[in-house]
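Each reported figure results from applying straightforward, stated rules to the coordinates on display, with no laboratory input. Note that the structure is a prediction, hence the values are computed from the model and not measured. Don't worry about glycine lacking a Cβ; one is built from the backbone with ideal geometry, like all the others, and counts go over all protein chains shown.
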Protein chains: 2
Amino acid sequence: MREDTRTRIQEIALRLFTEQGYEATSLREIAEELGVTKAALYYHFKNKDDIVASLVEMRLDDLEKLLEWVRSRPKTPQMRRELVERYAESVRATRNLGIARFLERNQTALRDHPTLIKIRERMMELTTEISEPGATPADRVSQALALFALHAGKWLMKEGELSDEEIHKACLEVAYRLLEPSGFRASEL
Amino acid sequence: MREDTRTRIQEIALRLFTEQGYEATSLREIAEELGVTKAALYYHFKNKDDIVASLVEMRLDDLEKLLEWVRSRPKTPQMRRELVERYAESVRATRNLGIARFLERNQTALRDHPTLIKIRERMMELTTEISEPGATPADRVSQALALFALHAGKWLMKEGELSDEEIHKACLEVAYRLLEPSGFRASEL
DNA sequence: GTCTATATCGCGATAGAC
DNA sequence: GTCTATCGCGATATAGAC
């Protein structure tokens, strides 16, 4: 039971866009890997941009669900820790694993893409929800950095020094630390 | 006493490469802003790649000087704090202010550029120097994140909420916190 | 649903006059 | 040091047969 062509185009495009960048990847390359001609791609997607849109809209949906959830809850330290946990899960979900990496790179190339603009807006809203308005500037920067720390581990550490699972656990721990105001620590609670 | 053309090309290219991305910026655009034709650019630089090289080699020099310094010193907490301080200064130096931003974006587009590869290697070496081999995974990720925290503030915080100076001070403070092992805090020293 | 063939464009780069 | 003119290429995208 073979995947349909549309899905295979998305998989190949996502991989090449991530490895080489969006602009550096041509439709010819995608078609070649798929074993068809360029023209065939235009049956499934109306243009190159449309392939990207089909990829990133799933990620936008996830972020908007996360925002909806966070706004239904009171702004407490517990909520912040749970948001970090949920965000980490959503980044690691199979359908988003590759898309998150694709988005990390290609920010500049896709700066005008409507869906990308929305994703950036939603990320800013999430960092607003996670930070305390009355906190010191350092605490605010620290809390805003918490979500991004969950992306950083993968390219921060030397290859093979720590396992994927160790890196994930470590990033989560660092993100929790970044949430805490400088005055006290979780270990003292 | 007017700037020479070569310098003006570098300034315009740096701005456009940063705003739009390297691949999305054509030599035609650069020439148009300068008020000359494409062909004139080829008198000053042998190709598009050469313009980038002329920009990023200054940054590579700075990183290598920083590495040389750090390796001449013992691995102590004081050294780590001083490294963060020096790195922050080097990012803020006028000649590097724009180049650092240009490098943050365009990582993917220039992934094969020889100078960029060296810069990435030097950054990895710096994060190696700044982290303690015996520390826990979380502490290691945290310490590696310290240098990158100095880049994050500019695009992390909402526009106009904090001044540039406040953001810089806050990032520095966050970087210092990331250096500390989770067992104790600087405020207790 | 995929093909061949082609239109159209803009790119990086070069030659040679001035 | 800058110009005009042009080359060669590969890109996105489309038309129409099968």
>> Among the listed residues A:Thr37, A:Thr5, identify the single one that is touching a His at 6+ places or on another chain (Cβ under 7 Å) and surrounded by fewer than 18 Cβ atoms within 10 Å (Cβ to Cβ).
In response: A:Thr5
>> Can you tell me which condition B:Glu64 does not meet? The list is (1) over 26 Å from A:Thr108 (Cα atoms); (2) charged (D, E, K, R); (3) buried (at least 18 other Cβ atoms within 10 Å of the Cβ), and all the others hold.
In response: (3)
> Quick one: is A:Leu83 within 14 Å of another protein chain (Cβ to nearest Cβ), buried (at least 16 other Cβ atoms within 10 Å of the Cβ) and away from DNA strand C (no atom under 16 Å from the Cβ)?
Replying inline: no
>> Every residue in region A:129-169 that is of a type in the set (Lys, Arg) and in contact (Cβ under 8 Å) with a residue 24 or more places away in the chain, please.
In response: A:Lys154
> Identify, please: which residue in region A:1-23 is within 21 Å of the chain's Cα centre (by Cα) and among the hydrophobic types (A, V, I, L, M, F, W, C) and is, among those, nearest to A:Met58 (Cα to Cα)?
Replying inline: A:Leu14
> Is it the case that A:Ala144 is in a helix (DSSP H, G or I), of a type in the set (A, V, I, L, M) and touching a Ser or Thr at 6+ places or on another chain (Cβ under 8 Å)?
Replying inline: yes
> So which residues in region A:108-127 are part of a helix (DSSP H, G or I) and either among the β-branched types (Val, Ile, Thr) or on the phi > 0 side of the Ramachandran plot (or both), if there are any at all?
Replying inline: A:Thr115, A:Ile117, A:Ile119, A:Thr127
> Which ranges mark the helices (runs of 4 or more DSSP H) fully within region B:1-79 that have 1 or more residues being within 14 Å of DNA strand D (Cβ to nearest atom) and out of contact with any Leu (no Cβ under 9 Å at 6 or more places or on another chain)?
Replying inline: B:5-20, B:27-34, B:38-44
> within 14 Å of another protein chain (Cβ to nearest Cβ), in contact (Cβ under 8 Å) with a residue 12 or more places away in the chain and on the phi < 0 side of the Ramachandran plot, is that true of B:Arg105?
Replying inline: yes
> Restricting attention to region A:128-141, which residues are part of a helix (DSSP H, G or I) and more than 10 Å from chain B (Cβ to nearest Cβ)?
Replying inline: A:Glu129, A:Ile130
> Could we say that A:Ala170 is within 12 Å of chain B (Cβ to nearest Cβ) and small (Gly, Ala, Ser) here?
Replying inline: yes
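Rundown of residues vs (1) free of Cβ contacts under 8 Å to residues at least 40 places away in the same chain; (2) in contact with a Pro (Cβ under 6 Å, 6 or more places away or on another chain); (3) under 17 Å from B:His151 (Cα atoms); (4) away from DNA strand C (no atom under 13 Å from the Cβ), yes/no style:
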{"position": "B:Thr18", "(1), (2), (3), (4)": "no, no, yes, yes"}
{"position": "B:His44", "(1), (2), (3), (4)": "yes, no, no, no"}
{"position": "B:Lys48", "(1), (2), (3), (4)": "yes, no, no, no"}
{"position": "B:Asp62", "(1), (2), (3), (4)": "yes, no, yes, yes"}
{"position": "B:Arg101", "(1), (2), (3), (4)": "no, no, yes, yes"}
> What do you reckon, is A:Arg177 within 7 Å of chain B (Cβ to nearest Cβ), assigned to a helix (DSSP H, G or I) and basic (Lys, Arg)?
Replying inline: yes
